[in-house]
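The values are calculated or read from the model by the stated rules, or taken from the named source; none is laboratory data. It should be emphasised that the depicted structure is a prediction, and the values quoted were computed from it without experimental measurement. FYI the Cβ positions are ideal-geometry reconstructions off the backbone, even for glycines, and counts take in every protein chain you see. To get the accessible areas, we keep the full protein, side chains included, count just its heavy atoms, and leave off ligands, DNA and RNA. Shrake-Rupley method; radii C 1.70, N 1.55, O 1.52, S 1.80 Å.
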Amino acid sequence: MPSLNDPVKLPSGLVFPNRLVKAAMAEMLGGFWNVPTTSLLKVYEQWGKGSWGGILTGNVQVDINHLGTPFDPALAGEYTDPNSNKELVATWKKYADACQEHGPPSIVQLCHPGRQSLRIAGRRGPFASPIAPSAIPLDMGDGFLQRWMSWFAFPPPREMTQADIDLVTRQFVDSARLMADAGFSGVELHGAHGYLIDQFLNPKSNIRTDAYGGSAANRAKFVLDIFHAIRAVVPPTFCIGIKFNSADYNSASFEDTMTQIGLLAEAGIDFIEISGGTYEDPKMIGPPGQPGQPQPQPQEQKSARTAAREAFFLEFASAVRTRYPNLILMLTGGFRTRAGAEYALSQNACDLIGIGRPAAVDPGFAKLLLDDSLSEDEAQLVLNRVAVPFWAKWIPLSAVGAGWETSYYTKQIQRIAKGLRPYLPV
Ligand SMILES: Cc1cc2nc3c(=O)[nH]c(=O)nc-3n(C[C@H](O)[C@H](O)[C@H](O)COP(=O)(O)O)c2cc1C
């Protein structure tokens, strides 16, 4: 059975020294100028010392006009070359150094939020439309209040023109080149969680009738073009991976999703990180609860046996493995114990284990799992769901519980940035 301590080599040649990867978590530490701030660097210095096999940064937006949150790090304007953009490269190099000074290869997650761009986020202004493959607004629920709140937070998008598609493709390529020049080991395209790439892949948000819509392959054209355009300009040793949403076995989209993964594998993607969910249905944070409610049960100290199946998207990862045995797979979501991580490896469901929330309350969580002198019961972190305050339970949006959970962990990341100890949720 593969061990958590084993290295993993990607097709680009990049080697993760062990199998535990700190997953992307938006830190909201880009400040008003949306750049890597000293606070951001401080958190990554801590993660850099945490014995992770690899580090994925929180999402970096490829267009400062379209942000997920107001404080995301982002790219403003064009990136031409290191000589004409010395200052910019120097700024991002500090970020790469903070992550990698103590060893682990670090990969920048590149994202465009598309229609999931908050009205108040990004320099396009609160009244300008976000962009999306089709002019379909987010659907956060049928009630009047739900529709109004979702309209207020996320303005309805406009359908992207070919010029928009070309611009966004160039923005992904510029961002990837900048990250390569700054010294990062690779980029991960954010193709999950309902962001722009996922909007193209998914027939519910993409009803285009041109070359980017229709069949599963057509819907994958946007991301494949981005992938090939990046591959053509970055060094061959620079890794390009993707975060991808899972689909249920019995869902209409299962075969389409498999086809799209096959196309990415054929194109030579370095790894696929499996996750799931969107703002409309935030499965990435865990199994769905009631609208506006936190997940009900506090988690107990898990025995190795109950921990074994803790991963949210294990079955889907296994199905991908069966179809595409040579693809490097990372599985993210739910891992809290060494037993759970080892079980996923023993099932051959994945090569790499992505870990989010535990890393936000313990930057050295990887050390705990890798330390063979610790017993199964010691090599775990019990995380209760974050309680939603009583008044917020009246907000009739299913995303409220997930939003509360996420913002709790963002605060813990920000505590690490200030040199304070993070708290476990009670
Ligand atoms: C505070 C916070 C911020 C997140 N930001 C991102 C992000 O920027 N990009 C991303 O792909 N996923 C993001 N996620 C999702 C995580 O990468 C991960 O998929 C999810 O938390 C499930 O893993 P976990 O159970 O180990 O936390 C975020 C999660 C949290 C808690």
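Numerical summary
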read-out	value
Estimated inter-spin distance, His228 and Ala267, nm [label 7 Å along Cα→Cβ]	0.9
Evaluated at q = 0.11 Å⁻¹: base-10 log I(q)/I(0), Debye formula over Cα of the chain	-0.79
From phi via Karplus (6.51, -1.76, 1.60), per-residue ³J(HN,Hα) for the stretch 413-426 in Hz, x at Gly/Pro	4, 5, 5, 4, 4, 8, x, 9, 7, x, 9, 7, x, 8
Among Asn326, Ala211, Phe312 - extreme Cα towards positive end, dipole of the chain, charges at beta-carbon	Phe312
Positive minus negative residues near Asn218 (Lys, Arg vs Asp, Glu; Cβ under 10 Å)	+2
Highest-first arrangement of 244-253, 144-153, where packing means the average Cβ count within 10 Å	244-253, 144-153
Share of carbon and sulfur in the accessible heavy-atom surface of the stretch 8-417 [1.4 Å probe, %]	56
Rough spin-label spacing in nm, given labels placed 7 Å along Cα→Cβ, for Arg421 and Gln162	6.1
Dipole in debye (nearest 20) - the stretch 121-231, about Cα centre, beta carbon charges: Lys, Arg +1; Asp, Glu -1	80
20 Å Cα-Cα threshold exceeded, pairs from Lys22/Lys243; Lys22/Lys221; Lys86/Lys243; Lys49/Lys94; Lys93/Lys221	Lys22/Lys221; Lys86/Lys243; Lys93/Lys221
Accessible area per residue, Å², the chain with all protein chains present, probe 1.4 Å	41
Set of lysines near Lys418 by C-alpha distance (under 16 Å), chain-local residues within fewer than 8 positions excluded	Lys42
Neighbour net charge for Ala121 - beta-carbon separation under 14 angstrom, K R +1, D E -1	+2
Dipole in debye (nearest 20) - the stretch 8-417, about Cα centre, beta carbon charges: Lys, Arg +1; Asp, Glu -1	520
Environment charge of Pro203, counting only residues whose C-beta is closer than 11 Å and scoring Lys/Arg +1, Asp/Glu -1	+2
Spin-label pair Trp33/Asn326, simplified geometry with 7 Å Cα→Cβ offset, distance in nm	4.6
Per-residue ³J(HN,Hα) for the stretch 218-226, Karplus 6.51 cos²θ - 1.76 cosθ + 1.60, θ = phi - 60°, Hz, x for Gly and Pro	4, 5, 8, 4, 4, 6, 5, 4, 4
In the stretch 68-147, the GluC sites (Glu not before Pro) that fall in loop regions by DSSP, at most 14 other Cβ within 10 Å	Glu78, Glu101
Sorted largest first, extent of the stretch 109-211 alpha carbons per principal axis (Å)	49, 31, 22
